[in-house]
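Structure, as structure tokens:
A short reminder: the numbers here are calculations on the coordinates, not readings from a lab. Since the structure is predicted, the reported quantities are computational estimates derived from the model, not experimental observations. So basically every Cβ, Gly included, is an ideal-geometry build from the backbone, and we count neighbours across all protein chains shown.
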């Protein structure tokens, strides 16, 4: 039995615009981010969904509520869909990290997936958490069409989990705000149908910062 998931990154936030690390920290959507959420909501209104799930972090919930206004689905929050915890880096820009925690910035996206980040998750622990979460969702909602609103890091690791791209691979995975991504969980494994589709967004409205 297959489960189809359409997975959306939240709209642009104030911290995205300021290039601040978010993680489990939070900031509200910008006006552009809300417009992105509404634009993807209009697109999703043409698809039937059985469930609408969202990370329990504010930026994802704000995006999900904007989408729900078009799809009519109630929003169910799920902490398993949270962004990676970046510990002491959360809320900081690269320059602020360099001042307060010298050497921290390279540690956040270090190619060694087990490199520790003070107070946060390693890349490997986060990757494993995302894989477990989506396998569980595919099982819990077997046979359903599920709409999920989450975060850039979650999407990147879902893509790695679904396609087998290793953690040591450093090529960037495109994760635009409010981009459209669709996957199926089949008995034989994951199938990526669409990735990083932004046809519904205004030209130039594709910020990529975490």
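Looking at the calculated P(r) for the range 44-106, what percent of the C-alpha pair distances fall above 16 Å? Can you show the working numbers first?
Values: 1116 of 1953 pairs.
Percentage above 16 Å: 57.
Which value at 222 nm does the chain reach when only helices count, each DSSP H run of 4 or more adding -39,500 (n - 2.57), with the total divided by all residues and rounded to the nearest 500 deg cm²/dmol?
Per the formula, -10500 deg cm²/dmol.
Once the Cα atoms of helix 31-44 and of the chain are each reduced to a long axis, what angle between those two axes, in degrees from 0 to 90 to the nearest 10, is obtained?
Long axis of 31-44 versus the principal axis of the chain: about 30 degrees.
Give me the number: length gained by fully extending residue 18 to residue 50, i.e. 0.36 nm times residue separation minus the C-alpha to C-alpha distance, one decimal in nm. Intermediate values should be presented prior to the final figure.
Working: separation 32, 0.36 × 32 = 11.52 nm, distance 3.58 nm.
7.9 nm is the gain from fully extending residue 18 to residue 50.
How do 90, 128, 99, 83 line up, fewest other C-beta atoms within 10 Å first? Please report the intermediate quantities before stating the final value.
Values: 90 19, 128 16, 99 10, 83 27.
With the sparsest Cβ surroundings first, the list reads 99, 128, 90, 83.
Any idea what angle helix 152-163 forms with the longest principal axis of the chain, computed on alpha-carbon atoms, 0 to 90 degrees, nearest 10?
Value to nearest ten degrees: 70.
Taking the Cβ of each residue in 107, 1 as the centre, tally the other Cβ atoms inside 10 Å and list the residues starting with the fewest.
Working: 107 20, 1 10.
So the ranking, lowest neighbour count to highest, is 1, 107.
List the extent of the Cα atoms of the range 74-196 along each of their three principal axes, largest first, rounded to whole Å.
Computed over the range 74-196, the largest-to-smallest principal extents equal 50, 33, 22 Å.
Consider a paramagnetic label point 7 Å from the Cα of residue 69 along Cα→Cβ; state which residues of the range 141-163 have an amide N under 17 Å from it.
Output list for this probe position: empty.
Just to compare against my own numbers: the Cα pair-distance distribution for the chain, 5 Å bins, whole % per bin, please.
1, 8, 16, 20, 21, 17, 10, 5, 2, 0, 0
Taking only the alpha carbons of the range 134-210, what extent do you get along each of the three principal axes, in Å, biggest first?
That gives 38, 30, 18 Å along the principal axes, largest extent first.
What is the Cα coordinate range of the range 122-179 on the first, second and third principal axes, sorted by size from largest, in whole angstrom?
For the range 122-179, the Cα extents along the three principal axes come out at 34, 24, 19 Å.
Taking neighbour counts of Cβ atoms within 10 Å as a proxy for exposure, in what order, fewest first, do 150, 184, 85 appear? Walk me through the numbers before you get to the answer.
Details: 150 27, 184 15, 85 18.
Ranking 150, 184, 85 by Cβ neighbours within 10 Å, fewest first, gives 184, 85, 150.
Once both axes come from the Cα atoms, what is the angle between helix 123-140 and the longest principal axis of the chain, in degrees from 0 to 90, rounded to 10?
With both axes taken from Cα atoms, the answer is about 10 degrees.
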